[in-house]
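For reference, the structure is listed below as structure tokens.
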Amino acid sequence: MPDSTFVPSRPATCSPGRASRELGLKRADFELAVHLGRIRTVPDDSGGGGRRVERAEIDRLRAEPGFPDTLYERVHVVGTAEGAALMDISAGRFTRLARLGLLVPVRFYVNRYRAVVWLYLAEDLRHFAAQSVNSRLLKGRAPETLRGQLAAGVDLRARNWRGRHLGFLLRKADDPWVRAGALAALLPLVDVHDVVRDPYERAHLNRFRPAPPDQGAPGSPSALLAEELMTAQDADEIGWLRSELRRAAEEARAHTPAPRQTEPAARPAPRHHRLVRPATAHGENTRRIGSNASAGDPWAVRSPAEPHAAPTAPPTVPGDRRGPTATRAARSLRVWLRRRTPRPARV
């Protein structure tokens, strides 16, 4: 038998931070590229639960023609003004198309005025403007049905972003519980509790529930607004998510049952008991400490569950030397003197 065992070599990987620097991308653009599938990642073998990028994937991207401009164009995002200029339409028309759900945002952030700023992929906008079927939406008067929806206050930007974000989460989910957690992240908690009734399964599901996009400190107005945008609002959207969560929970339950918390084992009795000596002439305690003790037993076992109540003593005034010990000593001295002193004879 050989002295050493052959261990297959693992492909070289690097952290997302280092990969983004080598590819010339900002961290937010790198994460978007991963969500879109532009950059492939692998699970972290160290057990941290994160993702890493193989060195071969970085070499492949760097060898593409036009690097790094081509990679940057695939993840370049624009706001309303820049997107309208890119499509050669007004900002108002661009906003109306986005509210109708024809332009799907890919990201958002909350500005200093606590207003939501939606961001769109420049590649998607160019593709929408290049299609001839959409030319009537870019020029001229909008159809009557679309104008009626706008008058009714339709705004599908948040809903479309949630659908796209859910696709990002499901794309990188490699476990049934992770897929169920991605669906639960878009539902209100009351609906999650209604679908997944087992508390142990809910606790296990919450471990894989992704948080909303980072928009500030937890509890801040920006974070609360991001959490609101992450939660489904429409009845049909909630109903679809509930059905998908129920199906995903059944698959996860069949794949790996949720761990159950076992009852804590009973604490063993102490091996050594504290003994109280029997009564003596000096006035020591003669009762067994505990509920089952009898007054006639000279030995007492102190129960650990019932602490011994300390005897009350009269308060001692500072500077006064007459305490309980001094009182007993004085009483014993008087008794001894009475026994030693003869009584005077009666005349």
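A few notes on this one:
- The range 29-65, residues that are at pLDDT 85 or above and part of a loop (DSSP other than H, G, I, E, B): Gly37, Arg38, Ile39, Arg40, Thr41, Ala63, Glu64, Pro65
- Looking only at the range 180-203, and only at residues there that are over 12 Å from Leu241 (Cα atoms) and touching a residue at least 24 places away in the same chain (Cβ under 8 Å), the one that is most open to solvent (accessible area, probe 1.4 Å): Tyr200
- Among the conditions (1) in a helix (DSSP H, G or I); (2) free of Cβ contacts under 8 Å to residues at least 40 places away in the same chain; (3) within 24 Å of Leu166 (Cβ to Cβ); (4) in contact with a Ser or Thr (Cβ under 9 Å, 6 or more places away or on another chain), Asp124 misses just one, which is (4).
- Residue in the range 204-221 that is loosely packed, with under 15 Cβ neighbours inside 10 Å, among the charged types (D, E, K, R) and either under 20 Å from Val106 (Cα atoms) or in contact with a helix residue (DSSP H, G or I) (Cβ under 9 Å, 6 or more places away or on another chain) (or both) present: yes
- Selection status of Phe94, aromatic (Phe, Trp, Tyr) and within 24 Å of Gln131 (Cα to Cα): yes
- Set side by side, the residues Leu170, Leu150, Leu146 differ, and just one is open to solvent by 20 Å² or more (accessible area, probe 1.4 Å), assigned to a helix (DSSP H, G or I), without any contact (Cβ under 8 Å) to a residue 40 or more places away in the chain and within 27 Å of Arg99 (Cβ to Cβ), which is Leu170.
- Residue under evaluation Ala81, criteria (1) at pLDDT below 90; (2) open to solvent by 60 Å² or more (accessible area, probe 1.4 Å); (3) under 30 Å from Leu137 (Cβ atoms); (4) not hydroxyl-bearing (Ser, Thr, Tyr), criterion not met: (1)
The values are calculated or read from the model by the stated rules, or taken from the named source; none is laboratory data. All values reported here derive from a predicted model rather than from experimental measurement. No Cβ is skipped: glycine too gets one built from the backbone with ideal geometry, and neighbour counts run over all protein chains shown. Only protein heavy atoms, including side chains, enter the accessible area calculation; ligands, DNA and RNA are left aside. Shrake-Rupley method; radii C 1.70, N 1.55, O 1.52, S 1.80 Å.
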